[in-house]
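K.L.:
Pasting a structure below so you can have a look.
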Amino acid sequence: MVLTEKGARFELLEPDKQTKLLLSVSPCKNDTVRILIDEPQPIKARYRVPDVITGEPQCEQLRVERQSEDSVTLSWSSGRHRLCVWRFPFRLEILCEDEVMLHDEHGGLLWKETFRQFVDIKASGPSSIGADLCLHGFSHVYGLPEHADGLQLRDTRDGDPYRLYNLDVFAYDLYSRLGLYGSVPLLVAHKADRTLGVFWLNASETFVNDGQTPPVKRKRVEPQTDVHWLSESGVIDCMVLLGPGPQQLFTQYGQLTGYQALPPLFALGYHQCRWNYDDEADVKAVDAGFDRHDIPYDVIWLDIEHTDGKRYFTWDSALFPEPAGLQRHLEKKKRKLVVITDPHIKVDPDWSLCREARDGGHLVKNREGHIYKGSCWPGESYYLDFSSPDTRAWYSRCFGLDKYKGSTPSLFVWNDMNEPSVFDGPEQTMPKDAVHCGGWEHRELHNLYGFYQHMATAEGLITRSGGSERPFVLSRSFFAGSQRLGAVWTGDNVASWEYLSISIPMLLSLSVTGIAFCGADVGGFVQDPEPELLVRWYQAAALQPFFRGHSAKWTKRREPWLFGEKVTAAIRTVIQERYCLLPYWYTLFHLAHTSGLPPLRPLWVEFPGEQSTFTVDNQYMIGGALLARPVTDPHVQEVKVLLPGSGEVWYDVHSTKAHKGGQTLSLPVPVFQRGGSVVCRSTGSGSCTAEQQQLPLSITVALNSLGAADGELYLDDGHSFSYRDRKAFCLRRFSINLIQIILYNELFALPSSNIKTSPSTCTFSLSPGAKDSSPAFEYTETCCRLTVNHLELPVAMDWEIQIQEG
């Protein structure tokens, strides 16, 4: 063993093959432990995933507590955690206050690995890697997106493992453990007093098997989850996030892989998309339809048909003869246009971009060293090698206004088909022996391909603005770290109740693994939704981070006003409510951007000690203040909703009726505000986010059982990096009790048994030195609701409101 500034190094020996391995264990200052196993002298250097970790974690200095010939016990400055390492045979334990949290029984680089029906043999040396981790005391594990499955990971001993391998899967099967469009190799384990994370940094095809052993009451044996990781190649680079709570774990993961990018405000509005809007007249007609029906929206999207023969960065001159004019037409209303750019390049020597990509060495090659060709939407295609920094820089320049003819600063981008999708490839993707920059085979970095295109696209939009404007880029494929680049969605779903239902745990799984800006196509991409399903989907999606209606070209048109006035009115209402709630959503994204806390949260994140919440995945928290339980079944008037927390008070957002926590109720479209919280809303929706920004704010105060509440509001210009570069933002905290209330514009004090009589006076004072004023107020005795109107108070200044009971 050798102690270094970065931890401890051990030389291990695999007894079967006498293979020497080098183990490095590095405890970090943010309660993270990194375990790295590699060969000291490999036949060929092993791939180590670059660009995902945002920087080398700051390591703690280890000290030896006990040491023998076979084992050593180490501790570091916090004093709460210890490492125990046995070298022959290898075993590593992580202890917290002398309780074993995790141990690794077997970790190694394998000459041959058989995993169910999968066998990997490499004659030139070991390639596949594996490790067995035992999570002591844990029986609830989550994460490992993307799968169309429940939030809690299932015991896989009687079925297939979870596969992490990015693939284009049209109308994917439900409750399948096979890979979908993206991969995040983060597993989160939770019990009442501890949240633990295991991050397996590997971009090759990976399988994860977990077996959950329940506690044996007679012997008082704690539950345990055994997790077996197997990756096709690379090194073992495993980070254990020690929590101890969900919020600390999210921050630890954000410090490793980056925090969620703060989106421009318009991106949190409603997006209207279809494959494809036919031409400029069609786009303008749809845009006018939203105004005519008084439905706010911010972005309209164009799919592949807008291009000249599927050549990206071009326009069909017959259908879109004045693309810049179209964007200016939308920009006059403060709306945006999004266009698609896929990673394949049509093989066309007469096309300048194709020639640049070929001559600049920006294309993936086959194993013979020639340019790799596959089939996709344009037919025969090249594939850009986004793993190359030079290629990413070249691709980013393609978004320059001088380069991308017909584009303007109000044009944003959608990366699709970037798993990558190859119609004639194995599993409809690129062969594993295709060759990338540096001679690395595609097998090494397959799951990074879309991540790298997303990175290059986001950088291109930032560079286009001279570094001043925040980008918006949606990507179908993703990996750990994609959260710092933009948004993702759940791909080609189906217009059915089952797909509406599964979208909730899918989005929760993404949220707990850092991908906070996520959504599902409203109404389903494939097939035609019945009106009831469409309304229910809008009701659900309006309470989720990324909110986009999208459908395939062979489906019927489904703009919100095409199903009769009753449906139009219902959709209008939920979209308007979404816009009114944007100040709260924007504040939540500021929190995600600075702390890693996702806006969408499973109930156990807010109620970590409450066992009843651990398996719930049909309802969720929006931040810490709102609870939503979307309706996902047909022909129902009420659904059951769990109100957690026996000491909590929950207020129905629509009726303002108070309910005690610790019970299950049946209600129509349940949305609740948690007692003790303050939620900021806009007083109206406007026609888009730019209009909504100009409207006054209202504040909803939900008092807890002690008659108190608090909350935050984050404001900036909504589009630039001035919040970061010039600290041009406003972050305000509201603190309320029954005597002194600090807030802005309007107060809705929801029911509280603490208010015994009708208030007699209401005054406010503006600091510093302004005279008191008495605003109008109303008190509704039946529900103890107090409304204070027309305060006209500036949010950036300190002020107080005082209410006296009569």
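No value in this document is a laboratory result; all are computed from the given coordinates. Everything numeric in this text was worked out from a predicted model, so none of it was measured. Here the Cβ positions follow ideal geometry from the backbone for every residue, glycine too, while neighbour counts run over all protein chains shown.
K.L.:
Taking 7 Å along the Cα-to-C-beta vector as the label spot, tell me the Ser176-Glu97 distance in nanometres, rounded to one decimal.
P.N.:
Using points 7 Å along Cα→Cβ, the separation is 4.5 nm.
K.L.:
Now for a separate question. Report, largest value first, the span of the C-alpha coordinates of the stretch 2-257 along each principal axis, in whole Å.
P.N.:
55, 47, 41
K.L.:
If the viscosity is 0.890 mPa s and the temperature 25 °C, what translational diffusion coefficient in µm²/s does Stokes-Einstein give for the stretch 469-564 when Rh comes from Kirkwood over Cα pairs? Walk me through the intermediate numbers first.
P.N.:
Working: Rh = 13.8 Å.
Reported coefficient: 177 µm²/s.
K.L.:
Based on alpha-carbon centroids, what's the gap between the stretch 593-647 and the stretch 119-198 in Å, whole number please?
P.N.:
For the stretch 593-647 versus the stretch 119-198, the Cα centre distance is 23 Å.
K.L.:
How many times 2.2 N^0.38 Å is the alpha carbon radius of gyration of the chain? Numbers along the way, then the final one.
P.N.:
Working: Rg = 27.4 Å, N = 806, 2.2 N^0.38 = 28.0 Å.
In units of the globular-protein estimate, the chain measures up at 0.98.
K.L.:
Report the net charge of residues surrounding Ser388, where surrounding means a beta-carbon distance below 12 angstrom and charges are Lys +1, Arg +1, Asp -1, Glu -1. Before the final figure, lay out the partial values.
P.N.:
Values: positive: Lys365, Arg392; negative: Asp51, Asp385, Asp390.
Summing Lys/Arg as +1 and Asp/Glu as -1 gives -1.
K.L.:
Which order do the peptides 408-418, 653-663 take when ranked by the mean count of other beta-carbon atoms within 10 Å per residue, highest first?
P.N.:
Numbers: 408-418: 21.8, 653-663: 15.6.
For the peptides 408-418, 653-663, the packing ranking is 408-418, 653-663.
K.L.:
Report the full-extension gain for the segment Cys783 to Asp132: residue separation times 0.36 nm, less the Cα-Cα distance, to one decimal in nm.
P.N.:
Gain on stretching Cys783 to Asp132: 228.7 nm.
K.L.:
Between the alpha-carbon centers of the stretch 504-519 and the stretch 16-94, tell me the distance in whole angstrom.
P.N.:
A separation of 30 Å, based on Cα centres.
K.L.:
Let's see if you can work this out: charge +1 on each Lys and Arg Cβ, -1 on each Asp and Glu Cβ, no other charges. What is the dipole magnitude of the chain about its Cα centre, in debye to the nearest 20?
P.N.:
Values: 79 positive and 99 negative charges, 169 e Å.
Rounded to the nearest 20 debye, it is 820 debye.
K.L.:
Which links in Lys310/Lys405; Lys373/Lys556; Lys310/Lys334 stretch past 25 Å when you go from one Cα to the other?
P.N.:
Result: Lys373/Lys556; Lys310/Lys334 exceed 25 Å.
K.L.:
How would you order 61-68, 383-390, 79-86, 708-715 from highest to lowest mean count of nearby Cβ atoms within 10 Å?
P.N.:
Values: 61-68: 12.4, 383-390: 21.9, 79-86: 17.0, 708-715: 20.4.
The densest-packed peptide leads the list: 383-390, 708-715, 79-86, 61-68.
K.L.:
For the chain, what's the relative contact order in percent, using C-alpha pairs closer than 8 Å and at least 6 residues apart?
P.N.:
On the way: 2013 pairs, mean separation 77.6, N = 806.
After rounding, I find 10 percent.
K.L.:
Then there is this: Label 7 Å along Cα→Cβ of Asp278; the stretch 302-332 residues with amide nitrogen under 16 Å?
P.N.:
303, 305-306, 318-321
K.L.:
For an R0 of 35 angstrom, estimate the FRET efficiency from the Cβ-Cβ distance between Ser666 and Glu498 and round to the nearest 0.05. Write down the numbers at each step before the final one.
P.N.:
On the way: r = 22 Å, r/R0 = 0.62.
It comes to 0.95.
K.L.:
For the stretch 532-547 and the stretch 238-296, compute the distance between their C-alpha centroids and round to whole Å.
P.N.:
Going from one Cα centre to the other spans 14 Å.
K.L.:
Would you work out which of Val574, Ala552, Gly564 lies farthest towards the positive end of the dipole of the stretch 539-590, given +1 charges on the beta-carbon of Lys and Arg and -1 on that of Asp and Glu, about the Cα centre?
P.N.:
Ala552
K.L.:
Where Rh denotes the Kirkwood radius from the mean inverse Cα pair distance, what is Rg over Rh for the stretch 356-476?
P.N.:
On the way: Rg = 14.6 Å, Rh = 14.9 Å.
Ratio of gyration radius to Kirkwood radius for the stretch 356-476: 0.98.
K.L.:
Given q = 0.33 Å⁻¹, what are the Debye log10 I(q)/I(0) values for the stretch 574-618, with equal point scatterers placed on the Cα positions and solvent ignored?
P.N.:
The Debye formula, applied to the Cα set alone, gives -1.01.
K.L.:
Let me see the P(r) profile for the stretch 551-683: every Cα-Cα distance counted, bins of 10 Å, each bin given as a percent of all pairs.
P.N.:
11, 35, 34, 16, 3, 0
K.L.:
To continue, here is another question. From the phi of every residue in the stretch 384-391, what ³J(HN,Hα) in whole Hz does the Karplus formula 6.51 cos²θ - 1.76 cosθ + 1.60 yield, where θ is phi - 60° and glycine or proline is x?
P.N.:
For the stretch 384-391, the Karplus-derived couplings read 5, 8, 5, 5, 7, x, 5, 5 Hz, x marking Gly and Pro.
K.L.:
To continue, here is another question. Work out the FRET efficiency for Glu356 and Ser773 from their Cβ-Cβ distance, taking R0 = 41 Å, and round it to the nearest 0.05.
P.N.:
Details: r = 65 Å, r/R0 = 1.59.
The pair Glu356/Ser773 has a calculated efficiency of 0.05.
K.L.:
Right, something else. Calculate, in nm to one decimal, what Ala192 and Arg328 gain on full extension: separation in residues at 0.36 nm each, minus their alpha carbon distance. Can you show the working numbers first?
P.N.:
Details: separation 136, 0.36 × 136 = 48.96 nm, distance 5.41 nm.
Result: 43.5 nm gained on full extension.
K.L.:
Under a Cβ-only charge scheme (Lys and Arg +1, Asp and Glu -1), can you give me the dipole magnitude of the stretch 2-257 about the Cα centre, in debye to the nearest 20?
P.N.:
380
K.L.:
Which of Pro89, Ile622, Val494 sits farthest toward the positive end of the charge dipole of the chain, with +1 on the Cβ of Lys and Arg and -1 on the Cβ of Asp and Glu?
P.N.:
Value: Ile622.
K.L.:
Sticking with this one: Let me make sure I get this right: for the stretch 606-688, a, b and c are the square roots of the gyration tensor eigenvalues over alpha carbons, sorted descending. Under 1.5 in a/c it's rounded, otherwise prolate if a/b > b/c, else oblate. Which is it?
P.N.:
Working: a/c = 1.68, a/b = 1.22, b/c = 1.38.
The shape class here is oblate.
K.L.:
Got a sec? Which residues in the stretch 342-382 would a label at Asp424 touch, if it sits 7 Å along Cα→Cβ and we count backbone N under 12 Å?
P.N.:
Correct set: 373-376, 379-382.
K.L.:
Continuing with the same structure: Please list 537-547, 299-309 highest first by mean number of surrounding beta-carbon atoms within 10 Å per residue. Don't skip to the answer; put the middle values down first.
P.N.:
Numbers: 537-547: 23.7, 299-309: 20.7.
Going by the mean number of other Cβ atoms within 10 Å, highest first, we get 537-547, 299-309.
K.L.:
On a full-extension model of 0.36 nm per residue, what is the gain between Thr573 and Leu731, subtracting their alpha-carbon distance, rounded to one decimal in nm?
P.N.:
On the way: separation 158, 0.36 × 158 = 56.88 nm, distance 2.91 nm.
Result: 54.0 nm gained on full extension.
K.L.:
Please give the net charge around Ile515, taking every other residue with its beta carbon less than 14 angstrom from that of Ile515, where Lys and Arg add +1 and Asp and Glu add -1.
P.N.:
Details: positive: Arg476, Arg484, Arg601; negative: Glu146.
Net charge in that neighbourhood comes out at +2.
K.L.:
Could you derive backbone 3J(HN,Hα) for the stretch 646-659 from the dihedral phi with the Karplus parameters 6.51, -1.76 and 1.60 (θ = phi - 60°), listing whole Hz in sequence and x where the residue is Gly or Pro?
P.N.:
Result, rounded to whole Hz: 5, x, 8, 10, 10, 10, 4, 4, 8, 9, 6, 5, 8, 9.
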